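Each remark here refers to the structure printed beneath this line.
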Ligand SMILES: [Zn+2]
């Protein structure tokens, strides 16, 4: 098959589910401007002139598909509040008149991206959807997320497409994907590997000791990293991931692609540049080609720097296309005094101790 990269876009993501600002006074970084910034950037660099890139459209999903991962009461709540016109589900999750539509479309976007790769219509794909999904729970919105886009899509494959093969989710969003972890904590058919910023003093959730339960023991893996992590150390998690994913041998790899570890992100506290996202994609593409015929799908999660987000998404695409990537000038920093080498060593050592019961590690 000739290389083709599918990009799922839909202009509703760039126009709808707008934070209710300025009245009542509320500010959210999760807004249509994120997708608009990416699409404008693509237009400027004439990305769609590249004949290896093709556009994908979201699949139309009905409520019964949402119901695979969410309770009927919760689905009805989102629908009811969208019909009402506005609401706040928590301090950060807002509802507008088009929230139900767009959250449903985000699920359809990830499903279409997965299907396009599984059907070998494209080599890899990237679902540019919002709102994000990795925190969403069966009964509850959480952390800017309404429906769990990736979990719902996996249940769709399982229950509607008779797809029973193993799936690995690699979550590189700055925040621990507690929703995804909970859905698949006892499920050995889905490996969840999360790299996330962790407050080692306060103790977030997403500990290295959360390893899964029952038959799923060993298939929930957390690689917590300290604040101010830079490009220098970020990829060190691969020393743990590579042997595990190789032994697990999934048929499909899904990336929960958050870009909020970016140095200029207003929510995350890490210091990555687009270079890390390019390197990560080269690494995971290569692994996926060795393990599962390159079946690799990116689904957008967080990432709130309107300048950085388009650059990072582009870095991923360049790597998927096997093309070189030049970092923009404004990212040329010297973070060499911020090495986290000793912290990373400790994390790898402790994780290895816990995981060697389930996996062959060095
Ligand atoms: Zn995040």
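Every read-out reported here was derived from the displayed coordinates using simple, explicitly stated rules and does not represent laboratory data. Just so it is clear, the model here is predicted, and its values are computed rather than measured. All Cβ positions, even for glycine, are placed from backbone atoms using ideal geometry, and neighbour counts span all protein chains on display.
Annotations
- For the stretch 311-339, the set of residues classified as under 24 Å from the mean Cα position of the chain (by Cα), touching a residue at least 60 places away in the same chain (Cβ under 8 Å) and in a loop (DSSP other than H, G, I, E, B) consists of 321, 322, listed by residue number.
- Enumerated strands (runs of 3 or more DSSP E) restricted to the stretch 13-127, each holding at least 3 residues that are crowded, with 16+ Cβ neighbours inside 10 Å: 94-96, 124-127
- Within the stretch 130-142, if we keep just the residues that are farther than 17 Å from residue 169 by Cα and buried (at least 23 other Cβ atoms within 10 Å of the Cβ), the residue that is farthest from the ligand (Cβ to nearest atom) turns out to be 141.
- Boolean, residue 207 is in a loop (DSSP other than H, G, I, E, B) and surrounded by fewer than 21 Cβ atoms within 10 Å (Cβ to Cβ): yes
- The set of residues in the stretch 154-188 being buried (at least 23 other Cβ atoms within 10 Å of the Cβ), closer than 20 Å to residue 238 by Cβ and away from the ligand (no atom under 16 Å from the Cβ) consists of 167, 168.
- Test for residue 255: is it within 16 Å of the ligand (Cβ to nearest atom), closer than 25 Å to residue 361 by Cα and surrounded by fewer than 16 Cβ atoms within 10 Å (Cβ to Cβ): no
- Selection within the stretch 266-297 - touching a strand residue (DSSP E or B) at 6+ places or on another chain (Cβ under 9 Å), within 15 Å of the ligand (Cβ to nearest atom) and within 24 Å of residue 136 (Cβ to Cβ): 268, 269, 270, 277
- Of 261, 235, all but one fail to be under 17 Å from the mean Cα position of the chain (by Cα), surrounded by fewer than 23 Cβ atoms within 10 Å (Cβ to Cβ) and in contact (Cβ under 8 Å) with a residue 40 or more places away in the chain; the exception is 235.
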